[in-house]
Structures are given as C-alpha cells and as structure tokens.
Amino acid sequence: MKRYKKQSQRECGFDHGAADLPSDPVLNEERRRAILETLQHHGRVLVRELGRQFDISQVTIRKDLEILHSQGLLHRTHGGALPARQSALEDLTLREKEKLHHKEKLHIATAAARMVQQRQVVILDSGTTTTAVARALRNSQQLTIITNAVNIAAELAGTAVEVILTGGTLRKNSFSLVGPIAEETLRRLSADTLFLGVDGFDVQYGLSTPNLLEAKVNRVMVEVAKRTVVVCDSSKFGRRSLSLIVPPTALHEVITDRGIPKSDLRALKKAGIEVTLV
C-alpha cells in the first residue's frame, strides 16, 4: 500500500499532539482513501497507529475518521474505527465473518489446539474462530467435543473425535443451535475447557453478542466448563454488542493476536486473566 507522508510536525517545530498545518484537500482525500484501504485489510484501525503511519497528529486523524463516519464509510469507535458493516451490534452471517481476519483466526486456532490434551472434553460455541479451532483438532485422538454449531459437527464428522451436538433451534445466520433444548443438554454435561468466540469484548463490561438466545446458551457453557478461554481476534476489543454473556471476571484465559490495544492487554493482566498473543 502506498504510504502518504508529508513533512513531520517535529521538523516544522510543532508538537505532535497539536493540529497540523493547513494541507492540500487532494492530499487529505488520498489519505482518507488510504485509511479505508488499511481498514479493509486489517478490519480495524487505531488513531495512534494511523498518526504514526501518516506522520500527522491524532487530532487530524480523528477528524478524518469523523468525516468518513459521517459519509457512512466506516463505524467510529473509541480510539479508532471499524468497517461500516462490522458494528458489534450487527449480526453478520457466518460466511460474512469467515472473510474477516482469516490469518489471525488460524494462528489463534493453532494456539488453542495446543492446549488440548487427550481424554479431555472441550466445548466449542458457534463462530468462525471456533470453527478454525475445530479444524485444528480434527486429527486429535480420544477427544470429546460438545458444540451447538451444526457446521462444527460437520467439520468433525468422520474423524476420531467424539462429537456431542446439543440440539435446539437452528439459527440460520450462525448455524448454531439455541433455546431451552440446547441449554438443558449443556446443563447435563461437564467439560474441561470452553473455547468461546465473541462479537464484542469490552474489558470493563465483558463479552457480548448480538443475539439474546445465543448469549443464554453461552452463559450455560461457561457454567459447565472448568476453564473458559476466549478465542477472538483483536478487532473484537473495545466493542459492545446487544447482549452481555459474562463479565471479564468469569474468564481464565484469552487467546488473541498482537493487535490488541495495549490498554486492554494491561487491564486483562491486572485482572489476573492469562493472555496468549499469536
């Protein structure tokens, strides 16, 4: 990607936190296009990183993001922005989610699979990251996986992995089974580890998802698992969705990529939550 750079503020004698000198509208437009390209590639942008990338003040970057937000080209968040269609309040389909942060999800899945031992019982909730975990566990021996995701059960069909499907009402967006039947099945079971994917992860508020029924099933999963491990890429941090699943205090570990905001990483570690970065 082309890097657009002008003379730095330090060279001009200005502090980096101050507003930039008046600039060419054409260069502004080029920079905003480049911001959208970065957003499309990474799935998330942060004000401080964009400031370093373009060597301009955070004040100017915030203005750029506000303008792009007003044009409906992105979704403004605290400290950065998300793609316009990637608000945590939106219930995207599984196929739409599969296109996002694919490389990060593979690395997270590999790290999660390394944690699993023979003769363990693992719960996988629905989602693209947990689907990647299921694929990473396909060659496991003497392993039992409980899931409410029809597509994950299909991924593991024909392998040595024993699969328990919860039953319930099928959600077409996520291929997940929800409702009283799924919840009751889970309450009759016990697991060593739950790998939980989320739509939003606010380190103060907790884990969240757009669907109320999905959140209820996820809460029961947390109740019956001895250890809860969140598997999510860094774009999920700083986002809140409609329905709270559990607060951060319910978690034991988080596996994510190195794009996690440093403030969120510090908050997790301060809370005693193990963090694995991939």
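The values are calculated or read from the model by the stated rules, or taken from the named source; none is laboratory data. All figures in this text were calculated on a predicted structure; none of them were measured in a lab. In this analysis, Cβ positions are derived from the backbone assuming ideal geometry, glycine residues included, and neighbour counts consider all displayed protein chains.
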- Message: For the list (1) within 24 Å of SER234 (Cα to Cα); (2) among the charged types (D, E, K, R); (3) at pLDDT below 90, I need the number of the one condition that ASP15 fails.
- Response: (1)
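Can you tell me which residues in segment 200-219 are aliphatic (A, V, I, L, M) and over 17 Å from THR130 (Cα atoms)? Explain how you work it out, then say what you get.
Applying the first criterion (aliphatic (A, V, I, L, M)) to segment 200-219 yields 203, 207, 212-213, 215, 217.
VAL203, LEU212, LEU213 - these are the residues of segment 200-219 that are aliphatic (A, V, I, L, M) and over 17 Å from THR130 (Cα atoms).
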- Taking segment 216-267 and keeping only residues that are assigned to a loop (DSSP other than H, G, I, E, B), buried (at least 19 other Cβ atoms within 10 Å of the Cβ) and among the aliphatic types (A, V, I, L, M), one is left with ILE245, VAL246, LEU251, ILE260
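Hey, can you tell me all the residues within segment 182-200 that are aliphatic (A, V, I, L, M) and at pLDDT below 95?
VAL198
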- Looking at segment 218-242, which of its residues are more than 11 Å from the chain's Cα centre (by Cα), at pLDDT 95 or above and not hydroxyl-bearing (Ser, Thr, Tyr)? ASN218, ARG219, VAL220, MET221, VAL222, GLU223, VAL224, ALA225, LYS226, ARG227, VAL229
- SER174 fails exactly one of (1) over 16 Å from the mean Cα position of the chain (by Cα); (2) within 22 Å of LYS103 (Cα to Cα); (3) polar (S, T, N, Q), namely (1)
- Filter segment 168-181 down to the residues that are at pLDDT 95 or above and under 20 Å from VAL231 (Cβ atoms), then identify the one that is surrounded by the most Cβ atoms within 10 Å (Cβ to Cβ). SER176
- Task: Write out, first by first residue and then by second, each pair whose Cβ atoms fall under 8 Å of each other, whose residues are 6+ apart or on separate chains, and whose first residue, in segment 165-187, is closer than 18 Å to VAL222 by Cα while the second is basic (Lys, Arg) and at pLDDT 95 or above.
- Result: VAL178/LYS216; GLU183/LYS216
- Note on the structure: Subset of segment 99-118, residues β-branched (Val, Ile, Thr) and outside any helix (DSSP H, G or I), comes to VAL116
